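One structure below.
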Amino acid sequence: MRNIIEELQWRGLVNDIMPGTEEQLLKEMTTTYIGFDPTSDSLHIGSLVPIVLLVHLEHFGHKSIALVGGATGMIGDPSGKSDERNLLDEDTLNHNVAGIKTVLSRFLDFNSTEKNAPILVNNYDWMKDLSFINFARDVGKKITVNYMMAKDSVKKRLKGDGEGMSFTEFTYQLIQGYDFYHLHKEYNCLLQMGGSDQWGNITTGTELVRRMNVGEEAKAFAMTCPLITKADGSKFGKSEGGNVWLTADKTSVYKFYQFWLNTTDIDAEKYIKIFTFLDKNTIDNLIATHNEAPHLWVLQRKLAEEVTAFVHSKEDLEKAIQASAILFGNATSEDLKQLDEATFLEVFDGVPQANFFKQKIEEGINIIDVLNEKTGFFKSNGEARRALVANSISVNKEKVTEEFVLTNANLINNQFVLLQSGKKNYFVIRVV
């Protein structure tokens, strides 16, 4: 077996690792699982790290299990939380579980016939028939309260300013530990991976496997990856509009692409190792090229291209690049007309807008009126004329003169007109 730990270490994807883990992964194909919490019907880019880990496992010949927490989602993981989360109702939870399964299926082929084909499971399937009495007797007896209280996720909550921790949340690590035991028994799963905030829950699982088995059957390992942060210490995965999601209905492909394109040099150098599958030599060359001419954004462009194609598709990537060129490059009127309504609005999100009645457009409107009294783009007719004389006004990316008349022929998607003064001042007319 090739050394996956060595690969993950140079990429910055190893935080804590239990002794013997590397040796086990070098020894044979090893079944490994990572859990996904169904707090939403999609996953955001914070979940991209565990997804990347699962793909690496497959590339290195190991077998991966993606677990969707239909049961643990009913309780809520206290790790990293200062207060208890609101419990989701069953319908919402089932909807979220289905959504996450759909997202994961884009990255892992659960229908593959390969020996190391990935597996998709839902812990509700084995927890639903487990009685509280049996769980308390057979599982709870194996782990002491002292052991559970020593976990950071528990200690921080008990010492914090909140309302403490309910018994429901206190049992979370035990239930997650039982997941590891069940997968160990049913699939010979020997390793659990997750974020560094999961170390306490994961090691509870390894301890439970050891205490509920004997000899060689008690083998269990753990590894975590760092929680990704930005260079300035702020939380990774957020944009001005909130979370950056892995589905286009929540975060458009254009905005997704722009998120990666706008990373700092320091972050881009780190992220390209973590979120892409480019080899070390390629990445080292990209970093060297970028350092020679940072203003060309070679690193950010490659990062944005690789991650967008991985999460969405190459076709979606091309559309995002085209949309970006319209705002920042030498686009034409024809390029603008290729944009669908949703992408157009994404590209020019935040740009001032004004509504025109369709009848007015059909009759034709002189450019001076368009720039002044109808939109307020300029304060006066004189200011608008001076801009036109200076050749600084464009309609749909094409320069116009004072004789220009706006008509239906200029509409993008039969409803938009893009005005521009100079290089950066945009204005959108929406025909209603």
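Cα axis of helix 265-275 to longest principal axis of the chain: angle in degrees, 0 to 90, nearest 10? Value to nearest ten degrees: 50. In the range 121-279, a dipole from Cβ-located charges (positive for Lys and Arg, negative for Asp and Glu) runs towards its positive end, and of H184, L227, V253 it is H184 whose Cα lies farthest in that direction. Heavy-atom accessible area for V307, with the other protein chains in place and a 1.4 Å probe, reaches approximately 0 Å².
Centre-to-centre, using Cα atoms only, the range 193-228 and the range 272-293 are separated by 33 Å. The relative contact order of the range 150-230, computed from alpha carbon pairs under 8 Å that lie at least 6 residues apart in sequence, is 29 percent.
About its Cα centre, the chain has a charge dipole of approximately 580 debye under the convention of +1 per Lys or Arg Cβ and -1 per Asp or Glu Cβ, with nothing else charged. What part of the accessible area of the range 330-432, given as a whole %, is carbon or sulfur when the probe is 1.4 angstrom? Carbon and sulfur atoms account for 44 percent of the accessible area of the range 330-432. In the context of the full set of protein chains, the chain has a per residue accessible area of 49 Å² (1.4 Å probe). Give the distance, in whole Å, between the Cα centre of the range 409-431 and the Cα centre of the range 8-82. Cα centroid of the range 409-431 versus Cα centroid of the range 8-82: 46 Å apart.
Helix 172-187: angle to the longest alpha-carbon principal axis of the chain, degrees 0 to 90, nearest 10? For helix 172-187, the angle is close to 80 degrees. Basic side chains Lys and Arg get +1 at the Cβ, acidic Asp and Glu get -1 at the Cβ, and with that the dipole of the range 157-309 about its Cα centre reaches some 100 debye.
By the rule of a C-alpha distance below 18 Å, with chain neighbours fewer than 8 residues away ignored, the aspartates and glutamates paired with K156 are D77, D83, E84, E169, D197. Ordered from highest to lowest accessible area with the whole protein assembly present and a 1.4 Å probe, L286, L227, L26, L191 read as L227, L26, L286, L191. Ordered by solvent-accessible area of protein heavy atoms (1.4 Å probe), largest first, the residues F36, F277 come out as F277, F36. Springs between Cα atoms under 10 Å define the GNM used for the chain, and in it the highest mean-square fluctuation of L208, L339, L67 occurs at L339. Apolar share of the accessible surface for the range 1-73: 46 percent from carbon plus sulfur atoms, 1.4 Å probe. DSSP finds beta bridges in the range 137-278, and of those with both partners inside it, around 40 percent are antiparallel. Considering only protein heavy atoms and a 1.4 Å probe, what is the carbon-and-sulfur percentage of the accessible area of the range 195-306? Solvent-exposed carbon and sulfur of the range 195-306 make up 51 percent of the total. When the Cα atoms of the range 164-211 are aligned to their principal axes, the ranges along those axes come out at 36, 20, 15 Å in descending order. Across the chain, the mean sequence separation of Cα contacts (distance under 8 Å, 6 or more residues apart), normalised by length, yields a relative contact order of 14 percent. With respect to the chain, whose longest principal axis is taken over its alpha-carbon atoms, helix 48-59 is tilted by about 60°.
Go through (i) 21.3; (ii) 26.1; (iii) 22.9 and flag the label whose value is the computed mean projected area of the Cα convex hull in nm² for this structure. Computed from the coordinates, mean projected area of the Cα convex hull in nm² corresponds to (ii).
With 24 Å as the limit, the listed pairs K63/K219; K230/K423; K314/K423; K255/K423; K151/K219; K151/K273 have K230/K423; K314/K423; K151/K273 beyond it between alpha carbons. Quick one: work out the % antiparallel among DSSP beta bridges in the chain, nearest 5. Antiparallel bridges: around 50 percent, rounded to the nearest 5.
The values are calculated or read from the model by the stated rules, or taken from the named source; none is laboratory data. Keep in mind it's a predicted model, so treat the numbers as computed, not measured. Methodologically, a virtual Cβ is constructed for each residue, glycine included, from the backbone with ideal geometry; neighbour enumeration extends over all protein chains shown. Surface accessibility is based on the protein's heavy atoms, side chains included, excluding ligands, DNA and RNA. Shrake-Rupley method; radii C 1.70, N 1.55, O 1.52, S 1.80 Å.
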